[in-house]
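Enquirer: Before we start, here is the structure in question, set down as structure tokens.
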Amino acid sequence: MATESRDALEKTTRINLLFDLYGALLTDKQVEILTFYFREDFSLGEIAAELGVSRQAVYEHVKRGGLLLEDYESKLGLLARLASAGRLLDELDAAASGLDDPSGPGERIRSLGRELRETLLDIDKR
């Protein structure tokens with residue numbers, strides 16, 4: 001049971017990240033339904049009542065929207081690139097920490113790493 005719960009949480013987290021990256025490519029209706037479902041934690045029935053549609057229609061929109069987001073990721077790979085860049089930045093930070101001189105190249109490397117991390121986080125929020 002704990003594994004199913006963890007899997008559901010990981011799926012929701014992934015869909016939310018993909019939604020952050022590719023949400024602008026979805027229709028207004030898809031955005032509305034996915035926002036209710038994944039961000040505001042509404043049930044299918046609550047969304048159906050809110051929008052005046054069937055529970056089945058909401059389910060189909062959630063399923064199709066999730067598949068569409070995954071399809072965008074498989075073609076564009078932005079989430080994978082962000083994750084890879086994050087790992088490289090972590091490695092850069094670790095390598096720079098070995099250069100202790102505060103006025104030397106280690107500080108400049110750490111500063112550039114922070115700037116790059118902020119830039120990547122800004123991309124993730126658009």
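Every read-out reported here was derived from the displayed coordinates using simple, explicitly stated rules and does not represent laboratory data. As the structure is a computational prediction, the values presented were derived from the model and not from experiment. Reconstructed Cβ throughout: ideal geometry from the backbone, glycine too, with neighbour counts over all protein chains shown.
Enquirer: For the pair A95 and I109, how long in nm is the line joining their label points, each one 7 Å along Cα→Cβ?
Expert: Taking the two extended label points, one gets 0.6 nm.
Enquirer: May I pose another question? I need to check one value: relative contact order of segment 2-76, counting alpha carbon pairs closer than 8 Å and at least 6 residues apart, in percent.
Expert: 33 percent
Enquirer: Which angle between 0 and 90 degrees, to the nearest 10, do you get for helix 2-22 versus the longest principal axis of the chain when only C-alpha atoms count?
Expert: 80 degrees
Enquirer: What distance in nm lies between label points placed 7 Å from Cα along the C-beta direction at R117 and S84?
Expert: Distance between the two pseudo-spin positions: 2.1 nm.
Enquirer: For the chain, take the longest principal axis of its alpha carbons; what is the angle in degrees between that and the long axis of helix 55-76, to the nearest 10 within 0 to 90?
Expert: With rounding to tens, the tilt is 30 degrees.
Enquirer: Right, another one. Let me know the Kirkwood hydrodynamic radius for the chain, please, with Cα pairs as the basis and the value in Å to one decimal.
Expert: 17.0 Å
Enquirer: Would you mind computing, in nm to one decimal, how far apart the modelled labels at L9 and E46 are, each placed 7 Å from Cα along Cα→Cβ?
Expert: Here the modelled spin labels are 1.9 nm apart.
Enquirer: Next up: How many angstrom separate the Cα center of segment 27-41 from the Cα center of segment 42-105?
Expert: Cα centres, segment 27-41 to segment 42-105: 15 Å.
Enquirer: Which translational diffusion coefficient, to the nearest whole µm²/s, is obtained for segment 2-76 from the Stokes-Einstein equation, given a Kirkwood hydrodynamic radius over C-alpha pairs, 25 °C and 0.890 mPa s?
Expert: 194 µm²/s
Enquirer: Only four residue types carry charge here, +1 at the Cβ of Lys and Arg and -1 at the Cβ of Asp and Glu. Report the dipole size of the chain about the Cα centre in Debye, rounded to the nearest 20.
Expert: Charge dipole, the chain, about its Cα centre: 320 debye, nearest 20.
Enquirer: A further question on this structure: GluC sites (Glu not before Pro) within segment 1-100: which are DSSP loop residues with at most 15 other Cβ atoms inside 10 Å?
Expert: E40
Enquirer: Here is a follow-up. List the relative contact order of the chain as a percent without decimals, with contacts defined as Cα pairs under 8 Å and 6+ residues apart.
Expert: That works out to 24 percent.
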